[in-house]
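Student: Encoded as structure tokens, here's the structure I'll be asking about.
The values are calculated or read from the model by the stated rules, or taken from the named source; none is laboratory data. Remember, predicted model here, so these are calculated numbers, not experimental data. Quick reminder, even Gly has a Cβ in these numbers, built from the backbone with ideal geometry, and neighbours come from all protein chains shown. Just so you know, the surface numbers come from the protein's heavy atoms only, side chains and all, with ligands and any DNA or RNA stripped out. Shrake-Rupley method; radii C 1.70, N 1.55, O 1.52, S 1.80 Å.
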Amino acid sequence: PSFRGLLTKIKRSPRIFVCNYQIVMTTKGRNTTVDVLRVLAGLMVIGIHTSGEYVLEGVAEGANFIAGLCWEAVVRPAVPIFVIISGAFVLGRNETWGDFYRNRIPRLLVLLAFWLPFYWLWLWLKGDDIGSYLAGFWQGRSFVHLWYVVMLLGLYAVVPLLNEIIRRCEADGEKAARKRLWTLSTILLLLGILSNTYDYILGYNRFFPFLWPDYFGYFLVGYTLKCHAPQRSLPALSLYGLSTISLFFASRYAFEPGEGLYFYRNLSPLIVLSAISLFALFVSWGGCGGKLARIGKMQGDILGIYLVHIAVLNVVTKILVLTTPSLMQCAWLNIPIRVGLVFFVSWGVVRLM
């Protein structure tokens, strides 16, 4: 009876329902600019897997190689941005350990249970050596791009503990909380950078499920910047531009001795600066309206686009190779066209699913 009464009130007073819905969204901490950033990060991930072809083809010269490096410098912060956004919206909630795990962990496990076999079958149909993928299970090769979901499972496992740490940091007021959270975030980021550098120098393939501690810093930075957003956009914009330009030139110079790929790792110092400054830029705006807000509404489909885009990219690339081979020879034009095509086709697939 109470549910019927609620439906009656909604039918009689639709405006009240809409207002209440907006209040709920605000209470949950929705930030329309961050939603737009999530959509942008989805485009950037597709850009990584598109421009990377020209960087990894083994020819460290020519216009296509430079184009690949340039686009890579712009889009490489995508995965750290996803982690930062997750931290911004997951941390700080007033949930019990049991509620948190029940609401989130099973969803990620279901994703892995469906998409891992799907991509193993997909790789086999493409003619790839599926045995080499399965043999590299513990180093993450078997997960393709789904390694992100495994890493997120590790971060989610310790969210209740991080929430307790956050509560203690915030016990003595906003000023003390800001100082403590930034200090802890910086320490965790430095540890992640050192761990990442150690693995790279030694060529160490770490036991795959233990990759997630390196991303603690990104996770906590998301919450810290959401709660203590910068008041001015220019410093964040300047830092993002400077780190992106530095990333391009550092990787270009280092490719000659064969070390350029270090700078494109998710925890290299320049990627850390680039990802944090880009997130800081968006949260400093506070909110957006109009067409940008409508773009932000796509954020609910971004995880689905992330999951399906590799298969779509393979199909789109094959079609372009067969129909317009000259386009594939021009990376400056080919990369943005393929990114746009793959994004919107993937979105269509997600909506159909």
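Student: Return the total of residues in the stretch 264-314 being aliphatic (A, V, I, L, M), in contact (Cβ under 8 Å) with a residue 60 or more places away in the chain, in contact with a Ser or Thr (Cβ under 8 Å, 6 or more places away or on another chain) and over 23 Å from Ser243 (Cβ atoms).
Tutor: 4
Student: Being of a type in the set (S, T, N, Q) and more than 23 Å from Arg265 (Cα to Cα) is the filter; apply it to the stretch 158-202 and report the residue that is surrounded by the fewest Cβ atoms within 10 Å (Cβ to Cβ).
Tutor: Thr183
Student: Let me ask something else. Being part of a helix (DSSP H, G or I) and at pLDDT below 90 is the filter here; which residues of the stretch 162-175 pass it?
Tutor: Quick first cut of the stretch 162-175, residues part of a helix (DSSP H, G or I) only: 162-169, 174-175.
Passing the criteria: Glu174, Lys175.
Student: Limited to the stretch 107-121, what total is found for residues that are under 20 Å from the mean Cα position of the chain (by Cα) and open to solvent by 60 Å² or more (accessible area, probe 1.4 Å)?
Tutor: Residues in the stretch 107-121 being under 20 Å from the mean Cα position of the chain (by Cα) and open to solvent by 60 Å² or more (accessible area, probe 1.4 Å): 3 in total.
Student: Of all the residues that make up the stretch 66-89, how many are open to solvent by 10 Å² or more (accessible area, probe 1.4 Å) and not polar (S, T, N, Q)? Break it down stepwise before answering.
Tutor: First, pick out the residues of the stretch 66-89 that are open to solvent by 10 Å² or more (accessible area, probe 1.4 Å): 66, 70-71, 74-76, 79, 82, 86, 89.
If we keep only those that are not polar (S, T, N, Q) too, we end up with 66, 70-71, 74-76, 79, 82, 89.
Of the residues in the stretch 66-89, 9 are open to solvent by 10 Å² or more (accessible area, probe 1.4 Å) and not polar (S, T, N, Q).
Student: Considering only residues that are free of Cβ contacts under 8 Å to residues at least 24 places away in the same chain and open to solvent by less than 60 Å² (accessible area, probe 1.4 Å), which ones fall in the stretch 324-333?
Tutor: Restricting attention to the stretch 324-333, the residues satisfying the condition of being free of Cβ contacts under 8 Å to residues at least 24 places away in the same chain are 324-328, 333.
Scanning the stretch 324-333 gives Thr324, Leu327, Met328.
Student: Give all pairs with beta carbons closer than 6 Å in which a residue from the stretch 188-213 that is more than 18 Å from Pro80 (Cβ to Cβ) meets a residue that is modelled with pLDDT of 95 or more and surrounded by 14 or more Cβ atoms within 10 Å (Cβ to Cβ); count only pairs at least 6 apart in sequence or on separate chains.
Tutor: Once the first residue is more than 18 Å from Pro80 (Cβ to Cβ) and sits in the stretch 188-213, no partner that is modelled with pLDDT of 95 or more and surrounded by 14 or more Cβ atoms within 10 Å (Cβ to Cβ) comes close enough.
Student: Considering each of Gly289, Gly296 in turn, give the residue that is among the small types (Gly, Ala, Ser) and open to solvent by 30 Å² or more (accessible area, probe 1.4 Å).
Tutor: From the options Gly289, Gly296, the qualifying one is Gly289.
Student: Quick test for you: out of Val221, Val312, Val321, Val283, pick the one residue that is surrounded by fewer than 18 Cβ atoms within 10 Å (Cβ to Cβ) and either hydroxyl-bearing (Ser, Thr, Tyr) or in contact with a helix residue (DSSP H, G or I) (Cβ under 7 Å, 6 or more places away or on another chain) (or both).
Tutor: Values: Val221 fails: surrounded by fewer than 18 Cβ atoms within 10 Å (Cβ to Cβ); Val312 fails: surrounded by fewer than 18 Cβ atoms within 10 Å (Cβ to Cβ); Val283 fails: surrounded by fewer than 18 Cβ atoms within 10 Å (Cβ to Cβ).
Among Val221, Val312, Val321, Val283, only Val321 is surrounded by fewer than 18 Cβ atoms within 10 Å (Cβ to Cβ) and either hydroxyl-bearing (Ser, Thr, Tyr) or in contact with a helix residue (DSSP H, G or I) (Cβ under 7 Å, 6 or more places away or on another chain) (or both).
Student: Answer yes or no as to whether Val150 is of a type in the set (Val, Ile, Thr), closer than 16 Å to Ile271 by Cα, open to solvent by less than 50 Å² (accessible area, probe 1.4 Å) and in a helix (DSSP H, G or I).
Tutor: Values: of a type in the set (Val, Ile, Thr): yes; closer than 16 Å to Ile271 by Cα: no; open to solvent by less than 50 Å² (accessible area, probe 1.4 Å): yes; in a helix (DSSP H, G or I): yes.
Answer is no for this residue.
Student: If you check every pair at least six apart or on different chains, which have Cβ atoms under 8 Å apart with a residue in the stretch 151-165 that is of a type in the set (Val, Ile, Thr) first and a residue that is open to solvent by less than 20 Å² (accessible area, probe 1.4 Å) and part of a helix (DSSP H, G or I) second?
Tutor: Matching pairs, first to second residue: Val159/Val90; Val159/Phe100.
Student: Would you be able to tell me the number of residues in the stretch 122-147 that are among the aliphatic types (A, V, I, L, M) and either surrounded by 14 or more Cβ atoms within 10 Å (Cβ to Cβ) or under 17 Å from Thr224 (Cβ atoms) (or both)? Before you say what the answer is, go through the steps one by one.
Tutor: At the first step, the residues of the stretch 122-147 found to be among the aliphatic types (A, V, I, L, M) are 123, 125, 130, 134-135, 144, 146.
From the residues that got through so far, the ones that are either surrounded by 14 or more Cβ atoms within 10 Å (Cβ to Cβ) or under 17 Å from Thr224 (Cβ atoms) (or both) too are 123, 130, 144, 146.
The total comes to 4.
Student: State whether the residues of the stretch 99-109 include one that is in contact with a Cys (Cβ under 9 Å, 6 or more places away or on another chain) and at pLDDT 90 or above. Please lay out each step first, then the result.
Tutor: Kept after step one, since they are in contact with a Cys (Cβ under 9 Å, 6 or more places away or on another chain), are these residues of the stretch 99-109: none.
So far as the stretch 99-109 goes, no, none of its residues is in contact with a Cys (Cβ under 9 Å, 6 or more places away or on another chain) and at pLDDT 90 or above.
Student: Let me ask something else about it. How many residues are outside any helix (DSSP H, G or I) and open to solvent by 50 Å² or more (accessible area, probe 1.4 Å) when one looks only at the stretch 30-59?
Tutor: Selection size over the stretch 30-59: 5.
Student: Looking at Phe344, Phe249, which is the one that is under 19 Å from the mean Cα position of the chain (by Cα) and open to solvent by 40 Å² or more (accessible area, probe 1.4 Å)? Quick ask: steps written out before the conclusion?
Tutor: Details: Phe249 fails: under 19 Å from the mean Cα position of the chain (by Cα).
Of the residues listed, the single one that is under 19 Å from the mean Cα position of the chain (by Cα) and open to solvent by 40 Å² or more (accessible area, probe 1.4 Å) is Phe344.
Student: Every residue in the stretch 244-276 that is under 19 Å from Asp214 (Cβ atoms) and either polar (S, T, N, Q) or in contact with a His (Cβ under 6 Å, 6 or more places away or on another chain) (or both), please.
Tutor: Result: Asn266, Ser268, Ser274.
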